[in-house]
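Colleague: Before I ask anything, here is the structure I am working with.
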2 protein chains.
Amino acid sequence: MNFKAPRGTHDILPDEAATWQWLESTARESFRRFGYREIRTPLLEHLELFERGTGETSDVVQKEMYAFEKSDTRYALRPEGTPSVVRAYLQASLDKTQPFQKFFYIGPMFRYERPQAGRQRQFHQLGAEVIGADDALLDAEVILLALQVLEGIGLTGQRLIVNSSGCTTCRPGYRDVLHKTLEPHIDGMCADCDMRFKRNVLRILDCKKEVCRRVVATLPKITEHLCDACRAHFDTVLQALDGAGQTYEADPYLVRGLDYYTRTVFEIHHEGLGARGAICGGGRYDNLVETFGGPSLGCTGFSMGMEGTLAVLAGQSGEAVAPSGPGPDLLMVPVGASAENQCFQWSFSLRDQGHYSDITYGSKSVKAKMRAANRSGSIFVAVVGDDELAAGEIIVKRMETGEETKIDVRSGTNQLAAFLYDARTPPT
Amino acid sequence: MNFKAPRGTHDILPDEAATWQWLESTARESFRRFGYREIRTPLLEHLELFERGTGETSDVVQKEMYAFEKSDTRYALRPEGTPSVVRAYLQASLDKTQPFQKFFYIGPMFRYERPQAGRQRQFHQLGAEVIGADDALLDAEVILLALQVLEGIGLTGQRLIVNSSGCTTCRPGYRDVLHKTLEPHIDGMCADCDMRFKRNVLRILDCKKEVCRRVVATLPKITEHLCDACRAHFDTVLQALDGAGQTYEADPYLVRGLDYYTRTVFEIHHEGLGARGAICGGGRYDNLVETFGGPSLGCTGFSMGMEGTLAVLAGQSGEAVAPSGPGPDLLMVPVGASAENQCFQWSFSLRDQGHYSDITYGSKSVKAKMRAANRSGSIFVAVVGDDELAAGEIIVKRMETGEETKIDVRSGTNQLAAFLYDARTPPT
């Protein structure tokens, strides 16, 4: 019998987990400074939430949903965070009590797609959602926030791409223009685009196939068909980015794969991700709260793929990007059962005093224990046998220099704790 | 149309999330001092992993598995952490390269049981697993670690209950004794116990029904039937707890609901949880690595229910147990569009300098903005209109005292940032 993690999922072992912790704590610090607070929604939802929210014409819902049925209820493991956050907002009646909210989330998402390099069935996103305001400046804020997270971990070379996707006033007109302009070309385009032509023509702008991209490059631009309000909104976003010294590329053909976007859409690209697309994407979605039965409330946000971000960063630095956790302050190597018991108690007491203290476990030879101690990354190591117990003194060796210090432990670990404390405090 | 979170799941909104963050960071600090490193396994696994690992006679597998089928593969959302951690350990061949590992995990678990007070279908556990050593001291270590986590969040009144459940040498003999002693009584016991009598007689010791408990109280004790090795192991655990000054109750009828335990088992109870059982449980499971196809390796660990722990703590303190996050260092209230743009840029710059700065968004009246500012918990508030922009000076009001300070912003936010920095640094 042989057990493996399910296809498209992977384990994060401690060395790698240290990198994830570091990305998360860096992001949390950015969220704090920008005033975003954490929300945690369930990992599974009623399937209908995503069918209505993410949208039935999106690839996510059409092809990639991790959906299943149980006792006549249709569930889906969440494929993205936005619909759940909006649902939670409405379920808690925040629209009535505190309508303006700035949320962030960090956690696993699930898409039942064919696993391939960089795409997992369980993957992880961090993201932000602002609910309750139409301000164009908030679009600029979430864009700058996403970029701050990436800068916080030292990523360079990311490119910001922005566009407006219009609103219910001006988008129907642009759709008509696209339909008319595309009609003579659609037979030469791919089968997916043929479907998109019928169901959601804007998605054609996002086709990655060369034959389709050539047609797209000749199409009229949405920025030439925006209504006055959308135009002014987009100009405010761009001016705010300019004011913050943030460069960007305005791409009039940028559309996002989800159905709910209105006005501002953006992506952050990095060449380290190759053809896989954006490491971050987002924008405004002013109709989703109403779709879910709430009032008309402006919303904007972003989500960032954590696997992709860490992959790009690892490629940039050529190695593990965050150090794995440091070794113990003190590792004790007990020789014999009574030394083991005594070291256990000392270690417990040092931990209580705030130190990371450990002992070598396992009925190994002293030689094997010393090898483990040398590999442990400990700052200090102390071998404790019957002689040390009898004398009430242990010899603590600083592994970097070999320097040895004798410490009295007859009345417990207070002197030892003070020594370890002094050792990590720089001299004044 | 009205969307709700699925039955048995709940949203954690920002005020509550602050409490969860605090429990997690407290636990992480204990794990660090004890030398446990984080492992993250997928949220779903092949169903067989839990059938073999958690055990087919356990209630978890028999009644509570969140199992589903998709494309002819049987999955389960993980009901507990231990089988996944052991699988990940073997899948990464750690048994060959670094056999001794101390792991911790924090995350969601899923059981498809009838939702009731304190029991959710998606719930959360934190836990520790030591793989690769037989040392009895490690059993004491994980017990003390679990108690440290609870003490770290200020919980009082928890009770430690310990027992040994024997091993493959001595447990069969004890089972025989139980079968013989129970046979005359089994007809008067509950239907579940009748089933347990046939499938796993030890689980009868765990029955909560009064009629069965009366019989259990008269049964022979496992501690009278341990083999010498199990007896010595258990004595070492108890001595180590004594040495650490840790009180405990030895309960010879304590068994755990999962099938894989050997030797030491323990639970931490708190009366605040009422009849719901333990807030933490664990013990040794020396056969699980072999069950999954690995070598014979000793293992021990615990898991702690986070919902239960926070519920007990809230009952103890009578209110929210961790403060929700602090308000902004500075909240700017812009009056007019150019003030809004300028405040946006200043705010962005202050965040870059490490401050939590925010502005009131939404096209609300100045009165509504001031109400929002008063509620925000900000340390300082500044109203910025055309006069302030023209003068290049803003007035920053400390909300606690009403004290006002004029700050020059003609050349950017450096003076403002320094002021905010000084304001939160205690005078020397």
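The values are calculated or read from the model by the stated rules, or taken from the named source; none is laboratory data. Bear in mind that the values here come from a model prediction, so they are computed numbers and not experimental data. Reconstructed Cβ throughout: ideal geometry from the backbone, glycine too, with neighbour counts over all protein chains shown. Keep in mind that these areas ignore ligands, DNA and RNA; they rest on the heavy atoms of the full protein, side chains included. Shrake-Rupley method; radii C 1.70, N 1.55, O 1.52, S 1.80 Å.
Colleague: Indicate the gyration tensor shape class of the range A:229-340 (rounded, prolate or oblate), computed on the Cα atoms with a ≥ b ≥ c the square roots of the eigenvalues: a/c under 1.5 is rounded; otherwise a/b larger than b/c is prolate and the rest oblate. Each step should come with its number before you reach the end.
Modeller: Numbers: a/c = 3.23, a/b = 2.23, b/c = 1.45.
Taking the square roots of the gyration eigenvalues as a ≥ b ≥ c, the range A:229-340 is prolate.
Colleague: Send over the semi-axes of the range A:1-41's equivalent ellipsoid, whole angstrom and largest first, taken as the square roots of 5 times the C-alpha gyration tensor eigenvalues. Present the calculation step by step, with values, prior to reporting the outcome.
Modeller: Details: eigenvalues 192, 38, 8 Å².
Its equivalent ellipsoid spans semi-axes of 31, 14, 6 Å.
Colleague: Report the per residue volume, in Å³, of the convex hull enclosing the C-alpha atoms of the protein assembly as shown. Please report the intermediate quantities before stating the final value.
Modeller: Values: hull volume 162.5 nm³, N = 856.
In the protein assembly as shown, the Cα convex hull volume per residue is 190 Å³.
Colleague: Provide a whole-number value for the mean count of partner chain Cβ atoms within 10 Å of the Cβ atoms in peptide B:132-142.
Modeller: On the way: counts 2, 5, 3, 6, 2, 11, 4, 0, 4, 7, 0.
Mean number of neighbouring Cβ atoms from other chains: 4.
Colleague: Ignoring everything except DSSP H segments at least 4 long, calculate the 222 nm mean residue ellipticity for chain A; use -39,500 (n - 2.57) per segment, divide by total residues, nearest 500.
Modeller: Helix contribution divided over all residues of chain A: -11500 deg cm²/dmol.
Colleague: Follow-up question, since we're still on this one. Classify the range B:225-287 from the C-alpha gyration tensor, please: rounded if a/c falls under 1.5, else prolate or oblate depending on whether a/b exceeds b/c.
Modeller: Values: a/c = 2.24, a/b = 1.29, b/c = 1.73.
Oblate.
Colleague: Mean separation of Cα pairs under 8 Å and 6+ residues apart, divided by the residue count of chain A: what relative contact order is that in percent?
Modeller: Values: 698 pairs, mean separation 65.5, N = 428.
It comes to 15 percent, rounded to a whole number.
Colleague: Which net charge results for the neighbourhood of B:V216, defined as the other residues with beta-carbon distances under 12 angstrom from its beta-carbon, given Lys and Arg at +1 and Asp and Glu at -1? Before the final figure, lay out the partial values.
Modeller: Values: positive: B:R196, B:R203, B:K208, B:K209, B:R213, B:R214, B:K221; negative: B:D206, B:E210, B:D251.
My count for the surroundings of B:V216 gives +4.
Colleague: Which whole number gives the average count of other chain Cβ atoms within 10 Å of the Cβ atoms across peptide A:44-51? Intermediate results must be reported in sequence, preceding the final value.
Modeller: Numbers: counts 11, 5, 5, 0, 2, 4, 0, 0.
Averaged over the peptide's residues, the number is 3.
Colleague: May I pose another question? Principal axis lengths of chain A from Cα atoms, whole Å, largest first?
Modeller: Here the spans come out as 93, 56, 43 Å, largest first.
Colleague: Suppose a student asked you for the relative contact order of the range A:159-276, using Cα pairs under 8 Å spaced at least 6 residues apart; what percent would you report? Present the calculation step by step, with values, prior to reporting the outcome.
Modeller: Values: 142 pairs, mean separation 58.5, N = 118.
Once divided by the residue count of the range A:159-276, the mean separation gives 50 percent.
Colleague: For chain A, what are the DSSP H helices with axial Cα length of 18 Å or more and mean Kyte-Doolittle hydropathy of at least 0.5?
Modeller: Details: long enough: A:14-34 (30 Å, -1.08); A:136-152 (24 Å, 1.57); A:228-243 (22 Å, -0.02); A:337-352 (23 Å, -0.61).
Result, helices passing both filters: A:136-152.
Colleague: Here is a follow-up. Return the whole-Å distance between the Cα centroid of the range A:335-391 and the Cα centroid of the range A:259-286.
Modeller: 52
Colleague: Please list B:S365, A:S164 in order of solvent-accessible area, largest first, computed with a 1.4 Å probe with all protein chains present. Spell out each step's value before the answer.
Modeller: Numbers: B:S365 70, A:S164 0 Å².
Putting B:S365, A:S164 in descending order of accessible area: B:S365, A:S164.
Colleague: Ignoring ligands, DNA and RNA, what percent of the accessible area of the protein assembly as shown is carbon or sulfur (1.4 Å)?
Modeller: Numbers: 16980 of 35410 Å².
Result for the protein assembly as shown: 48 percent of the exposed heavy-atom area is carbon or sulfur.
Colleague: On a full-extension model of 0.36 nm per residue, what is the gain between A:T181 and A:K208, subtracting their alpha-carbon distance, rounded to one decimal in nm?
Modeller: Working: separation 27, 0.36 × 27 = 9.72 nm, distance 1.92 nm.
Extra length available between A:T181 and A:K208 comes to 7.8 nm.
Colleague: Is the shape of the range A:9-103 best called rounded, prolate or oblate, per the rule: a/c under 1.5 gives rounded, else a/b larger than b/c gives prolate, else oblate, with a ≥ b ≥ c the square roots of the Cα gyration tensor eigenvalues? Walk me through the intermediate numbers first.
Modeller: Working: a/c = 2.25, a/b = 1.17, b/c = 1.92.
Here the range A:9-103 falls in the oblate category.
Colleague: Put a label point 7 Å from Cα along the Cβ direction on B:G277, then list its distances to the equivalent points in the other copies in nm, shortest first.
Modeller: Taking the point 7 Å beyond Cα along Cα→Cβ, the inter-copy spacings are 4.3 nm.
Colleague: Considering all projection directions equally, how large on average is the shadow of the alpha-carbon convex hull of the range A:330-421, in square nanometres?
Modeller: Numbers: hull surface 21.3 nm².
Taking a quarter of the hull surface, the average projection is 5.3 nm².
Colleague: Set the bar at 24 Å for Cα to Cα. Now go through B:K70/B:K198; A:K364/A:K397; B:K63/B:K208; A:K102/A:K208; A:K406/B:K102 and name every pair that lies beyond it.
Modeller: Numbers: B:K70/B:K198 34 Å; A:K364/A:K397 21 Å; B:K63/B:K208 17 Å; A:K102/A:K208 34 Å; A:K406/B:K102 29 Å.
Those over the limit are B:K70/B:K198; A:K102/A:K208; A:K406/B:K102.
Colleague: Now, a different point. Convex hull volume of the Cα atoms in the range A:174-244, per residue, in Å³? Could you put the intermediate results ahead of the total?
Modeller: Working: hull volume 7.6 nm³, N = 71.
It comes to 107 Å³ per residue, whole-number rounded.
Colleague: What whole-number value in Å² describes the accessible area per residue of the range B:3-48 for a 1.4 Å probe? Walk me through the intermediate numbers first.
Modeller: On the way: 1540 Å² over 46 residues.
With the other protein chains kept in place, the range B:3-48 gives 33 Å² per residue.
Colleague: Here's a follow-up. How far apart are the A:H179 label points across copies, placing each 7 Å from Cα toward Cβ, in nm, shortest first?
Modeller: Values, ascending and in nm: 7.7.
Colleague: May I pose another question? Could you please point out the chain B residue with its Cβ nearest to the axis of the rotation taking chain B onto chain A, and the distance in whole angstrom?
Modeller: B:F68, 2
Colleague: Distances from B:E404 to the same residue in each other copy, label points 7 Å out along Cα→Cβ, in nm, shortest first?
Modeller: 7.1
Colleague: Evaluate the relative contact order of the range A:24-129 (contact order divided by residue number), counting alpha-carbon pairs under 8 angstrom at least 6 apart; express in whole percent. Please report the intermediate quantities before stating the final value.
Modeller: On the way: 144 pairs, mean separation 30.5, N = 106.
Rounded, it is 29 percent for the range A:24-129.
Colleague: Could you tell me what a quarter of the Cα convex hull surface of the range A:274-428 works out to, in nm² with one decimal place?
Modeller: Computing the convex hull of the Cα atoms and averaging its projections yields 17.5 nm².
Colleague: On average, how many beta carbons from a partner chain sit within 10 Å of the beta carbon of a residue in A:343-356?
Modeller: Numbers: counts 1, 11, 7, 0, 6, 13, 2, 1, 9, 5, 1, 2, 1, 6.
The per-residue average across the peptide is 5.
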